[in-house]
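The values are calculated or read from the model by the stated rules, or taken from the named source; none is laboratory data. Everything numeric in this text was worked out from a predicted model, so none of it was measured. Note that each Cβ is placed from the backbone with ideal geometry, even for glycine, and that neighbours are counted across all protein chains shown. Accessible surface is based on the protein model in full, side chains and every heavy atom, while ligands, DNA and RNA are left aside. Shrake-Rupley method; radii C 1.70, N 1.55, O 1.52, S 1.80 Å.
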Amino acid sequence: MWSPPMANSFKWNVDGSSLGKPGPSGIGGVLQNHNEILFGIFSLSVGILDSNVAELRTIVKAIELSASNCLLHRKNIIIEFGCH
């Protein structure tokens, strides 16, 4: 069950997976605030990877997108993985 971040915070819910170890892999994430307003989303194919590497790529992508958005500077940002 999704829980919102604290007020004035944002939360990325991210996940990565691969079909095989290694195999074709993808990553994705959704960024919301404490009012459940959607601020961003990404979904990408990342090539042939191990599932652990794909999951790490989701963290990197969420950080890159957050850093490139000046509205998110000096904000609390949480990155949360989905449950498997």
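Condition first: outside any loop (DSSP other than H, G, I, E, B) and of a type in the set (Ser, Thr, Tyr). Now tell me which residues in segment 3-20 satisfy that.
SER9, SER17, SER18
Only one of LEU49, LEU44, LEU56, LEU65 is within 19 Å of PHE81 (Cβ to Cβ), in contact with a Phe, Trp or Tyr (Cβ under 7 Å, 6 or more places away or on another chain) and not basic (Lys, Arg); which?
None of the other options fit; the residue is LEU65.
Taking the residues in segment 55-84 that are open to solvent by less than 70 Å² (accessible area, probe 1.4 Å) and among the hydroxyl-bearing types (Ser, Thr, Tyr) as candidates, determine which candidate is farthest from the chain's Cα centre (by Cα).
Filtering first and then ranking leaves SER66.
SER66: within 11 Å of PHE10 (Cβ to Cβ) and of a type outside the set (Val, Ile, Thr), yes or no?
Answer is yes for this residue.
Out of (1) assigned to a strand (DSSP E or B); (2) at pLDDT below 95; (3) at positive phi, the odd one out for GLY47 is which?
If we test GLY47 against (1) assigned to a strand (DSSP E or B); (2) at pLDDT below 95; (3) at positive phi, just (2) comes out false.
For residues in segment 12-54 being polar (S, T, N, Q) and open to solvent by 60 Å² or more (accessible area, probe 1.4 Å), which is farthest from MET1 (Cα to Cα)?
SER45
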